[in-house]
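The values are calculated or read from the model by the stated rules, or taken from the named source; none is laboratory data. The shown structure was predicted, so the numbers you read here are calculated from the model rather than taken from an experiment. Please note: Cβ atoms are built from the backbone with ideal geometry, for glycine as well, and neighbour counts cover all protein chains shown.
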Amino acid sequence: MPDGSCATRWPLLLVHGIGLRDNWRVRYWGRIPKALTECGARVHYGMQDAWGSIEDNAATLRATLLAVVEQEGCEKVNIIAHSKGGLDARMLASWEDCAPHIASITTLATPHAGSRTLDAVMRLPAPLLKAIAWPINAFFRLLGDRSPDFFTVCSQLTGTAMSSFNEKHPVPEGLFCQSYAVAMNRLRDDPTMAFSYVIVRHFEGANDGLVAVSSMPFGTFGGLIEGIGSAGISHCDVIDLRRQLLKRPPSPVGAVIGEAPAANNEKPYDIVDWHKDLVANLKARGL
C-alpha cells in the first residue's frame, strides 16, 4: 500500500533531457518512477524527442500537459525536468494556454546559462557538424523521434543562445521554480562520462560530466546534491540512469548545500531516496 508521503496535490510530469526517450525500450528515470508511485505519487512522462529542438519539444509537452490535465481531472501538474528538459519546460511555461496548468518546475542539472564548451564546438565548420548530425538524427528517428535535429539543439545550448533565451523566458512570475546541481569529483564517479567530464572541466570548471555547475541555477537554487564522502554525482546518476546505489553513510555526515529537500538533512545514500524527499517537499508546500 502507498505510504502517501509523495501524494502531491497535483500529479508529476517527468521531463527528460537529450539523448534518450521515455518509451518501452529505454526507461530514462531508472527506479525513480516506481518508488514515487509506491509512495502515492501520480507519475506521467513528457514523451518529447531525444534530439528535438526546444520549440518542438515544448509543443510535444503542451499536448502531454493538456492530456494529463484531462485524464487526471486536475488543474495543474508539477514538472520535474532533467537537463535540456528544463529548458523545454520553461518554454512551455511561457505559453498563455499552458502556464495556468503548471504548479511548479523543478530542474536537475539543466544548462540554464548554456555551455561554453558548446560555444567552442560550434566554431567548427558547419558542414562538418552537420555531417556528424546526420547519422545521429537518422538513428534517433528509428527510435521514434519525430523531428530530431542534433545541429539545432547544440546551437541552442551555447552560452550565446541561452543568454537570449533567458531574456525571453525569465522566471515566470508567481510560479514556484527551483533548481538543483550535481557534480562529479573524480573520473571514477561515472566512467561513462569521464571523457566529457575532462573536456567540460577544461572549458568551464566543476561539472557533472556534461553540464557546468555554474550553468545550473534557476529560480530558487537548492544548491549541490552531494554524494557520500569524496564521491560526486554525474549527469546520468542524478536520474538513476545507471540504477546504482550510492554508498550508505555510516552516520549522518552533513547537509546538502542550500535548502535541501531531505527532511533529515543527510546526504542521500540513494538518489531514489533523494527524489522521494524532493516530492515530499512539494507535497509539504501544498503542491
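Of the residues examined, VAL200 is one that is modelled with pLDDT of 95 or more and surrounded by 14 or more Cβ atoms within 10 Å (Cβ to Cβ). Summed over segment 97-113, the residues that are more than 12 Å from the chain's Cα centre (by Cα) and outside any strand (DSSP E or B) give a count of 6.
Residues SER94, SER53: which one is surrounded by fewer than 16 Cβ atoms within 10 Å (Cβ to Cβ), in contact (Cβ under 8 Å) with a residue 40 or more places away in the chain and within 22 Å of MET216 (Cα to Cα)?
SER94
Please tell me if ARG186 is surrounded by fewer than 17 Cβ atoms within 10 Å (Cβ to Cβ), closer than 24 Å to ARG242 by Cα and not hydrophobic (A, V, I, L, M, F, W, C). So ARG186 passes the test. Of the residues making up segment 70-96, those that are more than 19 Å from the chain's Cα centre (by Cα) and either closer than 17 Å to VAL171 by Cα or part of a helix (DSSP H, G or I) (or both) are GLU70, GLN71, GLU72, TRP95, GLU96. Restricting segment 158-179 to residues that are of a type outside the set (Gly, Ala, Ser) and in contact with a Gly (Cβ under 6 Å, 6 or more places away or on another chain), the residue that is nearest to ILE136 (Cα to Cα) is THR158.
If we keep just the residues of segment 209-250 that are among the β-branched types (Val, Ile, Thr) and part of a helix (DSSP H, G or I), which is modelled with the highest pLDDT?
It comes out as VAL213.
Filtering segment 57-91 to residues that are in contact (Cβ under 8 Å) with a residue 24 or more places away in the chain and among the acidic types (Asp, Glu) leaves GLU72, GLU75, ASP88.
Would you be able to say whether some residue in segment 45-66 is small (Gly, Ala, Ser), assigned to a loop (DSSP other than H, G, I, E, B) and over 19 Å from ARG141 (Cα atoms)? Scanning segment 45-66 turns up no residue that is small (Gly, Ala, Ser), assigned to a loop (DSSP other than H, G, I, E, B) and over 19 Å from ARG141 (Cα atoms).
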